[in-house]
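Right, one structure below, let's go through it.
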Amino acid sequence: MAHSKNRATDGKITYPPGVKEISDKISKEEMVRRLKMVVKTFMDMDQDSEEEKELYLNLALHLASDFFLKHPDKDVRLLVACCLADIFRIYAPEAPYTSPDKLKDIFMFITRQLKGLEDTKSAQFNRYFYLLENIAWVKSYNICFELEDSNEIFTQLYRTLFQVINNGHNQKVHMHMVDLMSSIVCEGDSVSQELLDTVLVNLVPAHKNLNKQAYDLAKALLKRTAQAIEPYITNFFNQVLMLGKTSVSDLSEHVFDLILELYNIDSHLLLSVLPQLEFKLKSNDNDERLQVVKLLAKMFGAKDSELASQNKPLWQCYLGRFNDIHVPVRLECVKFASHCLMNHPDLAKDLTEYLKVRSHDPEEAIRHDVIVSIVTASKKDLSLVNDHLLNFVRERTLDKRWRVRKEAMMGLAQIYKKYALQAEAGKEAAKQISWIKDKLLHIYYQNSIDDRKKMNFFFFFFFFFETTERMKCLYYLYATLDGNAVKALNEMWKCQNMLRHHVKDLLDLIKQPKSDSYNKTVFSKVMVITRNLPDPGKTQDFVKKLAQVLEEDEKIRKQLETLVSPSCSCKQAEVCVKEVTKKLGSPKQPSNPFLEMVKFLLERIAPVHIDTESISALIKQVNKSIEGTADDEDEGVPTEQAIRAGLELLKVLSFTHPVSFHSAETFESLLGCLKMDDEKVAEAALQIFKNTGNKLEESFPHIKSVLLTVLQHKAKKGPPRQAKYAIHCIHAMFSNRDTHFAQIFEPLHKSLDTDNMEQLITPLTTLGHLAMLAPEQFAAPLKSLVANFIVKDLLMNDRIPGKKTTKLWVPDDEVSPETLAKIQGLKLMVRWLLGVKNNQSKSGNSTLRMLTAILSSDGDLTEQGKMGKPDMSRLRLAAGCAILRLAQEPCYHEIITLEQYQLCALVINDECYQVRQAFAQKLHKGLCRLRLPLEYLAVFTLCAKDPVKERRAHARQCLVKNINLRREYLKQHAAVSEKLISLLPEYVVPYAIHLLVHDPDYVKVQDIEQLKDIKEALWFVLEILMAKNENNSHAFIRKMVENIKQTKDGQCPDDPKINEKLYTVCDVAMNIVISKSTTYSLESPKDPVLPARYFTQPDKVLNCCRTSRTGKWMPKAANVLGAVNKPLSATGKMQTKLSRMETISNASSNSNPSSPGRSKGRLVSQTHIHVSSLNYKLGSV
C-alpha cells in the first residue's frame, strides 16, 4: 500500500480504458456516458485485484470530491454513488478515504441517492437497487461506527429507507433494507434514542396506516434485532413510564401504542417493561388508567397471548379495574371480555363474577356491552360461556332501558337460532338454552314494534321436519311454553295471517283495470304492508318497487298468488319462495337491500309449517293424547296439559288457517271431540267448527246432518259456554239458520222458569245470543221476554237469601245460581240491544236506567238486603261491563247521560279488587279496539286512587298503550282529521277534568287533601301525555285548560259550587303543565274544540279566565293552590285516605270489617234511582 500512497500523492488520475477525463469541461451527457464506463469497471473489480486497486486509487479519491457529491444532475450523482459503493466493496476493510468529514459527506451523499428507490417505475431503478444491494452486502455503513457524527448518518439512513419503502418494492428490496439497518444495530456499540425513535415511529397507528410497508420494515427489523435492541427499548419506557421524563422522546405520548405493537411483534422486547404497567393500573390519573386498560385488554385478549398465565399479578390487577370508579375504564374492561372469552375460555371463571357486577352497573352503556360481550362469545361457541353468563343476558331482558333489553333479546334470539333451531352443538346445548324460547316470545310484550316484526324466524323452527314430526314438535313446544309466550305466539300467527291478506289484496288490486284512483289505492295498500315490516321509513320504497315488479312480471305475480292462497301447502310455499328470490336476485349484486326486504316479506307470509296435511297430523296427535296412546310423559309433558295445549293450538290455527281444516278426516275427528264428556275439549271443538265450517254444509253433507243435531242439543241443554258457541256455529255454518234458530228459540222461550235457577242459565245464554244474531226474527217474543220475564220476574225479585259473609268475592263455582241467572239476564238485554242497533223504542234508555240502578244500589237492585256481598259485587261488575258494551254502539253512546257515564266510571274504584280488575280489563279491551269513545279513556284517571300498586301499574300500562295506539293510528290515517276530537289522546284532558270535578270524593272545593288527590289523578294521565311534546302538545293542553276556564260546566251550568270546582281543577291542571313543561307558553298548534256535552260555549269575558294583558296564563293566586303545588309523587304512589277499596288480591277476598266499604250514599247522590220508581218501558222495535 506504500506504493499506492505514492500514486495518490502524484495526483495523476488513471481512467479505465476508453474513458477520457471527467471534469466540468465536458457536457452532462458526455459525463454520464464516461461515468457509466467507470461504473462498469468498478462493478467488475473484486477485492483481490491489487493492481487495479492501486491503478484507480486517485480516481476513487476524485469521485469523492465535492464536484461530484454536489453535482446538480441526479444521473451523475447516481452513477457516482454506485462507483463509491463499489469502491467501499473493493477497498474493504480499509476505505481509501481517511478524513472523518469526507466519510460523513460520502455516506450522507449515498443516503440521499437512496431516495431514488421510491420510484419503482423509473428507468434508473435498477441502478438504485444495485446501490442498495451493494452497501447492504458489504455493510459499508459500519465504517461510520468510529465517526463522531455516526448517529446523524445512521438516523438519516433509517429515515430515508422508511420514507422510500412502498408496495411497489419486491421482497429483495425489503430484505436488503433489513440487512443494512440490522447490521448497524447488532454490530454497533449503542442505539441512540433518536435512532430508536426513527424505528418506533413507524409503529404508531397514524404512521402505520399511512405507510404499511414502513411498518412491516420496522417490524422485520425489530424481530431481527430483538436481543440487541431490547435494552434500549427498556430504557426508553423506564424514562417515560417510571420517571415521567416525556421530553426524552417525541414518541412519549404514544408509549402505550408502542407497547402493544412491540408485544405483538415479539414479547421478549418487553420483558422488563410489563411489570411497570401494574404500577400504572393504580395511577390516580383517570386517563392514564384508561390508556393502560385499553392496552392490556388487547394484550390479554390476543388469540395466542399467554400473558395472563405468565404474569398473574398483572392479570389480577387488571381484573380489579372492572370495579374502577371511572366509567370509561369499566366500559373498556367489559368490551374486552368477549375477546377474552373467545380466545381464552380458561379465563371465563375469573371473568364471571366481575361481569355479574357490571351487568347491574348504573351506566346503561356498560350493561349493554356486557350483553354484547357474552352474546358474541356464545355465538362463536356455546361452550365458551357458562350458565351464569347466559343468565346475566336473561336478566337484562327486563332492564329498565330499552337499548339494553333489545340487545339482550336479539342476542338470545341469535343464540337460540344457532343452537336450538339449527342444533349446531347437539341436544345438550339445545337443552341448556331451552328457556330462551319463552324469553324470545316475550319480546311481543315490549314497546318496540320492529322487534315484534323480526320474530318471524321462530316459525322456521318447524320447517326442517317431516309433517308428522313437525306437528309433534309444535304440539309439545306449545305445551311447554308459558302463558305469556303462548299469547305471543298466537299473536304472531294472527299478524302473519293479516299480512297475507294485505298482500293478497295488493295482488287483487294490481290485476284490476287501471283507473284514476288506481295509483292512490295501490299506494294505500303499499303503506299498509310497509307498516307491517321493520323500519317502515326505509322499506316503503322497496315495497313500491315490489308492487311495480308484480305489475310487470306475471310469473312472479302468479308465484306470489300461490303463496298467499289459503290452500297453499308447505312444499308449494318453499318452491314459491325460492322461485321469487331467484327471479329477483342478481349475481352481480351480492348485497341487495331490495331482495332482503322481499325475502323477509316472503318469510312472514309463507305457510312454512301449517297446511291441510299438518292440521290433520296435529289433530291425530291430540287424539292420541286423549286416547292415552301418545308419548306425553316421555316428552316431559303431563297428558292433561298436552291435551289442553293442543286444543288451544287448534283454536288459534282455526282462526289463522281455516282452509287447512277443510278435510273430512279433520271434521270427523272434531265431531268426535264434541261428543266427549270433557267440557274443555267440546268447547274447543265448537270454536274450531265456528272458525272453519263455513263450507262444511255443501262440501261435507254427511257431517252436516250429524253436527246439526249435536249443536241443537248443546244449545238447549249443554253448559252455557258450549251453548253460546253452538249458536254461533249454526249462524256461521248453515244457510237456513232461521229455521234452526226457531227450532231452538221456541222450546227454550216457553220453558223459562225461575223456580229452577240452575236450569235457567243455559237457556238465557242461548236466547241472549239468538237475540243478538237474529233480533228481527224474534222481535215480538224478545220484547215480551225482556220486559216481563227478565226485568219483572228475574231481576226485580230476590228469591233465595245470599250467604252472610264478609268476603266481597268468591270463586265462580261458589256463586249462587240465582246471581248467575241474573247476570245472564242482563247480558241478554244488552245483546238484544246490540242486535237491534237502534233506540227507536227507547229500550236503550230503559236498559241504561236499569243498569245504573244496579250500580247506585251497590248491586242490590231490590234493596231488600237479601243478597250476599259476593253476589252484589258480581252484579255491579255485570252492570258496569254492560254499559261499556252499549257505549261501543254509537246509537246507545248518544243516550248515555253524563250521570250514567260517571256512575259507570266509578266502578273502577269499586271496593272489590276483582271488580276493579275485571272492569279495567273490559274497559281497556274496548278502548284498544277504538270502539269505546275517548271519554272512557279518562276513566283510568280514577285509578290513581287505587290503594293496590299492581292495579295502578296496570292502569298506567293501559293508558300508555291506548295513547300510543291513537297516536299511531292518526299517523297512519291522516285523512281522519275530522274525527280528531274522538281520537287525539290530548283530548282526554277535558274529560278527565270534568270527571274529577264530579268525583263524589271531591266535596270541599278548597280542601287541600282532596286537591292533592285531584293533582295525583291529573298527573296520572298528564305524565304520559306530556312525556313527548309532539306537535307542541304541551301548548295545546295549556290552551285547552284555558278554554275550559272560559266555559261553565255543561252538566250543571247554573251550579256555582260545581263551576268553582271546575275552575279549581283547571288551576291544578295548569300548575302541573307549567311546572312540568318549558314549552307550554308557545303558540298552540291548533285551537282546541271542547266537547259540547261537557262544557258550555266559551265566554271570554268570564271572570274565571285569569290572563294578563299580554295574553299569557296567570296562575290562580290562591293559598290553597300553593299548598297543593308540591312535588308530585312518583307514578303510582297513592296519597289517599280512601278506605272503601279492597287492597287485597284474589288470594284473599276478606274485606276489613272495620272499613266502611263502598259508600252507597256517594253513588245515590249522583243518580238515585229507587226500585219503586223504576219503569222499564218497551216500545215496538
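Karplus-derived 3J(HN,Hα) values for region 982-991, using 6.51 cos²θ - 1.76 cosθ + 1.60 with θ = phi - 60°, are 9, 10, 4, x, 4, 6, 6, 4, x, 5 Hz; glycine and proline are entered as x. Calculated mean residue ellipticity at 222 nm for the chain: -19000 deg cm²/dmol, from DSSP H runs with n ≥ 4 weighted as -39500 (n - 2.57), summed, divided by the residue count and rounded to 500. For the cross-link pairs LYS869/LYS925; LYS417/LYS949; LYS74/LYS104; LYS406/LYS945, the ones whose C-alpha atoms lie over 30 Å apart are LYS417/LYS949; LYS406/LYS945.
Restriction of the GluC sites (Glu not before Pro) in region 569-675 to DSSP coil positions whose beta-carbon has at most 12 other beta-carbons within 10 angstrom yields GLU633. With the whole protein complex present, ASP189 retains an accessible surface near 150 Å², based on a 1.4 Å probe. Note: relative contact order over region 460-586, using C-alpha pairs below 8 Å and six or more positions apart, is 18 percent. Between TYR445 and LYS599, the FRET efficiency from the beta-carbon distance, with R0 = 30 Å, is close to 0.65. Taking a ≥ b ≥ c as the square roots of the Cα gyration tensor eigenvalues, with a/c under 1.5 meaning rounded and otherwise prolate when a/b beats b/c, else oblate, which class fits the chain? Taking the square roots of the gyration eigenvalues as a ≥ b ≥ c, the chain is prolate.
Using the Cβ-Cβ distance between LYS545 and LEU671 with R0 set to 56 Å, the FRET efficiency works out to roughly 0.70.
Between THR754 and GLN921, the FRET efficiency from the beta-carbon distance, with R0 = 45 Å, is close to 0.90.
List the pairs from LYS208/LYS298; LYS208/LYS379; LYS380/LYS571; LYS356/LYS379; LYS115/LYS212 whose alpha-carbon separation is above 21 Å, in the order I gave them.
Check vs 21 Å cut-off fails for LYS208/LYS379; LYS380/LYS571.
Calculated on the alpha-carbon coordinates, the convex hull of region 243-307 measures out at 93 cubic angstrom per residue. Within a straight-line Cα-Cα reach of under 15 Å, LYS538 can be paired with the following aspartates and glutamates, leaving aside sequence neighbours fewer than 8 residues apart in one chain: ASP450, GLU596. Extension gain, PHE523-GLU746: 0.36 nm per intervening residue step, less the Cα-Cα distance, totals 75.1 nm. In this rough spin-label picture, where each label sits 7 Å from Cα along the Cβ direction, the SER23-ASP216 distance is 5.0 nm.
How much length would be gained if the chain were fully extended between ALA226 and THR468, taking 0.36 nm per residue of separation minus their Cα-Cα distance, in nm to one decimal?
Extending this stretch completely gives an extra 80.4 nm.
Which of rounded, prolate or oblate describes region 157-206 when judged by the alpha-carbon gyration tensor and an a/c cut-off of 1.5? Cα axes put region 157-206 in the oblate bin. Protein-only accessible surface at a 1.4 angstrom probe places the residues THR709, THR754 in the order THR709, THR754, largest first. The alpha carbon centroids of region 93-152 and region 194-260 are separated by 25 Å. Using a simple spin-label model with pseudo-atoms 7 Å out from Cα toward Cβ, MET410 and LYS102 lie 7.4 nm apart.
Placing +1 on the Cβ of every Lys and Arg and -1 on the Cβ of every Asp and Glu, with nothing else charged, gives region 610-681 a dipole about its Cα centre of roughly 340 debye. The dipole here belongs to region 979-1074: it is taken about the Cα centre, uses +1 on the Cβ of Lys and Arg and -1 on the Cβ of Asp and Glu, and is about 340 debye. The distance separating the Cα centre of region 669-687 from that of region 395-421 comes to 39 Å. In the full protein context, the chain carries 45 Å² of accessible surface per residue, based on a 1.4 Å probe and ignoring ligands, DNA and RNA. Summing Cβ point charges (Lys, Arg +1; Asp, Glu -1) relative to the Cα centre of region 796-910 gives a dipole of roughly 200 debye. Scoring 325-335, 219-229, 740-750, 867-877 by mean Cβ neighbours within 10 Å over their residues and listing the highest first yields 867-877, 325-335, 219-229, 740-750. Note on LYS212: accessible area is roughly 100 Å² with a 1.4 Å probe, heavy atoms of protein only. If you take the Cα centroid of region 308-334 and the Cα centroid of region 479-539, the two points sit 50 Å apart. Per residue, the average separation of C-alpha pairs within less than 8 Å and at least 6 apart gives the chain a relative contact order of 5 percent. Available extension along the chain between ARG1093 and THR246 is 296.9 nm, counting 0.36 nm per residue and deducting the alpha carbon span. Inter-label distance, ILE800 to ASP812: 1.9 nm, where each label sits 7 Å from its Cα along the C-beta direction. Measuring nothing but protein heavy atoms, the accessible surface of the chain at 1.4 Å probe radius is 49 percent carbon and sulfur.
Taking each of LYS783/LYS922; LYS494/LYS624; LYS750/LYS922 in turn, the alpha-carbon distance tops 29 angstrom for LYS750/LYS922. Protection proxy ranking of 722-735, 529-542, 759-772, by the mean of other Cβ atoms within 10 Å over each peptide's residues and highest first, is 759-772, 722-735, 529-542.
Kindly identify region 863-973 as rounded, prolate or oblate by the Cα gyration tensor criterion: order the square roots of the eigenvalues as a ≥ b ≥ c, call it rounded if a/c is under 1.5, otherwise compare a/b with b/c, prolate if a/b is larger, else oblate. Taking the square roots of the gyration eigenvalues as a ≥ b ≥ c, region 863-973 is oblate.
Test of understanding: express the Cα radius of gyration of region 1038-1087 as a ratio to 2.2 N^0.38 Å, with N the residue count.
Computed over Cα atoms of region 1038-1087, the ratio equals 1.26.
Could you sort 429-436, 16-23, 199-206 so that the peptide with the highest average Cβ count within 10 Å comes first and the rest follow in order? Walk me through the intermediate numbers first.
On the way: 429-436: 16.9, 16-23: 13.1, 199-206: 19.4.
Averaged packing, sorted descending, gives the order 199-206, 429-436, 16-23.
The figure for HIS62 is an accessible area of roughly 40 square angstrom, using a 1.4 Å probe on the protein chains alone. Annotation for region 631-716: trypsin sites (Lys or Arg not before Pro) lying in DSSP loop with at most 14 further Cβ atoms inside 10 Å of their Cβ are LYS675.
The values are calculated or read from the model by the stated rules, or taken from the named source; none is laboratory data. Since the structure is predicted, the reported quantities are computational estimates derived from the model, not experimental observations. Note that we place each Cβ from the backbone using ideal geometry, even for glycine, and neighbour counts take in every protein chain shown. Note: accessible area is taken over every heavy atom of the protein model, side chains too, but ligands, DNA and RNA are not part of it. Shrake-Rupley method; radii C 1.70, N 1.55, O 1.52, S 1.80 Å.
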